[in-house]
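Quick notes on the structure that follows.
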2 protein chains.
Amino acid sequence: MDAAFAELGEKGYGGLSIEAVALRSGVAKTTVYRRWPTRDELVADALDSRSDRYEPIPETGSLRGDLAEFCEGVRAKLTSNHGKAMLKSLVAAVDQSPEIVETVQRFWRERRDVGGYLVERWIRRGVLRPETDADLLVEVLLAPIYLRVLLPGGPLSGDVLEGFIDLALHGVLEDVVPGVTITDQSSATASDTARVDRMGRANTT
Amino acid sequence: MDAAFAELGEKGYGGLSIEAVALRSGVAKTTVYRRWPTRDELVADALDSRSDRYEPIPETGSLRGDLAEFCEGVRAKLTSNHGKAMLKSLVAAVDQSPEIVETVQRFWRERRDVGGYLVERWIRRGVLRPETDADLLVEVLLAPIYLRVLLPGGPLSGDVLEGFIDLALHGVLEDVVPGVTITDQSSATASDTARVDRMGRANTT
């Protein structure tokens, strides 16, 4: 697996050969073929062995802290040389075989499972809305991290991660004084207007 | 450009050769070299010619409508064969040369400019908070679309896009009755608790 992963990191999906993996790991080609009859099966296993499914679930005592730790863990992995190589290989390989599609789907499922656990915890504690969709939340928080690694658009600092978390927690809609309804067509939906003014909100604290 | 793009779509960054582009476009190799001395310059120009900078800015009369149209436009482009090939080529090519890094950065800037325009409009109309960070909002809405194209994790239906928009508009925090403060440590931050209860909110409409 280490040899396959190293080859994948250096040469990408297109350049990986079972011969090179055998050479690098010091075994006969036939030994590799016995275990992984096709290149796709080897790649799928190698990528899978690096997925982070055994990540501990954050337990910081606050929702924001849990999400920050979750995002930071993903950021740290993806920005490492290994993590970046894995992600790029996965993207390059995903259309190549059903085994790899299955790996990608397992990968998403595992991420969502951790997110689902966190969301359930914080719904139970009354901090998240009961109808919170864990899959959406995980995707909105993690996709920008993945995409910034794949298409560098700026640094991935702690501040940036905090910004994503803030947005996902609070949304971006202006709050509105209770009883006051914006009646012009600029209002997004009726429910958008039914929120307490930021000032009013400050008064209640 | 069309020939370069077609080659890129079929063979990816690694497989693109100036010879093949010349052959496909029916001109002499030297003609291509005169205009694009290196392969990287050709790739950067080809990718750039496909970026969507001349997208009209949505004007539906509602914030939600504008965002839905914005996201739908990106989804439609990225899920087309051309769009998907462009995105994958860009991801494969991004580490290869400064020209391509510059292309990616211009690409992000253009996306953010459209988002910035929309955000400014809806801040002016009192629907978005004045401090809304347009870059973050654009990234949180679009990154999941990009990532689902790159690492298929599920369908990209209108419902899914609506889900991302809802989350970004409203956030996921439970609203709290004014004056009632959650005092146990499960509260995320003080400001998280200073929101109106969903029931109370319903009463004000």
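The values are calculated or read from the model by the stated rules, or taken from the named source; none is laboratory data. The structure displayed is predicted, hence computed values, not measured ones. Glycine gets a Cβ as well: all are built from the backbone with ideal geometry, and neighbour counts include every protein chain shown. Each accessible area value is taken on the protein alone, full model and side chains, heavy atoms only, with ligands, DNA and RNA left out. Shrake-Rupley method; radii C 1.70, N 1.55, O 1.52, S 1.80 Å.
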I'm checking my understanding of the structure. Among residues of the range A:24-78 that are modelled with pLDDT of 90 or more, within 17 Å of the chain's Cα centre (by Cα) and among the charged types (D, E, K, R), which one is least open to solvent (accessible area, probe 1.4 Å)? A:ASP66
What are the residues in the range B:113-132 that are among the aliphatic types (A, V, I, L, M) and either within 30 Å of A:TYR13 (Cα to Cα) or in a helix (DSSP H, G or I) (or both), if any? B:VAL114, B:LEU118, B:VAL119, B:ILE123
Output the residue which, of all residues in the range A:2-21 that are without any contact (Cβ under 8 Å) to a residue 12 or more places away in the chain and either away from chain B (no Cβ under 14 Å) or open to solvent by less than 60 Å² (accessible area, probe 1.4 Å) (or both), is nearest to B:LYS11 (Cα to Cα). A:GLY15
Of the numbered conditions (1) over 30 Å from A:ARG39 (Cα atoms); (2) in contact with a helix residue (DSSP H, G or I) (Cβ under 9 Å, 6 or more places away or on another chain); (3) more than 8 Å from every other protein chain (Cβ to nearest Cβ), A:ASP95 fails exactly one; give the number of that condition. (1)
Pick from the range A:53-112, criterion among the aliphatic types (A, V, I, L, M) and not in a helix (DSSP H, G or I), ranking: nearest to B:PRO152 (Cα to Cα): A:VAL94
Hits in the range B:137-151 - residues which are within 7 Å of another protein chain (Cβ to nearest Cβ) and of a type in the set (D, E, K, R): B:GLU139
The range A:99-124 - residue that is open to solvent by 80 Å² or more (accessible area, probe 1.4 Å) and without any contact (Cβ under 8 Å) to a residue 24 or more places away in the chain and, of those, farthest from B:ARG148 (Cα to Cα): A:ARG124
Within 23 Å of A:TYR146 (Cα to Cα), more than 21 Å from the chain's Cα centre (by Cα), surrounded by 13 or more Cβ atoms within 10 Å (Cβ to Cβ) and in contact (Cβ under 8 Å) with a residue 40 or more places away in the chain: is that true of A:SER89 in this structure? no
Taking the range B:133-145 and keeping residues assigned to a loop (DSSP other than H, G, I, E, B) and surrounded by 22 or more Cβ atoms within 10 Å (Cβ to Cβ) leaves none
If we ask which residues in the range B:150-201 are in contact with a helix residue (DSSP H, G or I) (Cβ under 8 Å, 6 or more places away or on another chain), surrounded by fewer than 16 Cβ atoms within 10 Å (Cβ to Cβ) and at pLDDT 50 or above, their number turns out to be 4
Determine, yes or no, whether B:SER89 is within 14 Å of chain A (Cβ to nearest Cβ) and hydroxyl-bearing (Ser, Thr, Tyr). yes
Could you give me the residue pairs with C-beta distances under 8 Å whose first residue belongs to the range A:75-86 and is within 18 Å of A:TYR13 (Cβ to Cβ), whose second residue is hydroxyl-bearing (Ser, Thr, Tyr) and crowded, with 16+ Cβ neighbours inside 10 Å wherever it lies, and which are 6+ apart or on separate chains? A:LEU78/A:TYR146
What residue, among those in the range B:113-136 that are among the small types (Gly, Ala, Ser) and more than 23 Å from A:CYS71 (Cα to Cα), is nearest to the other protein chains (Cβ to nearest Cβ)? B:GLY126
Looking at the range B:152-171 only, could you name the residues that are more than 7 Å from every other protein chain (Cβ to nearest Cβ), within 17 Å of the chain's Cα centre (by Cα) and assigned to a helix (DSSP H, G or I)? B:GLY158, B:VAL160, B:LEU161, B:GLU162, B:ILE165, B:ASP166
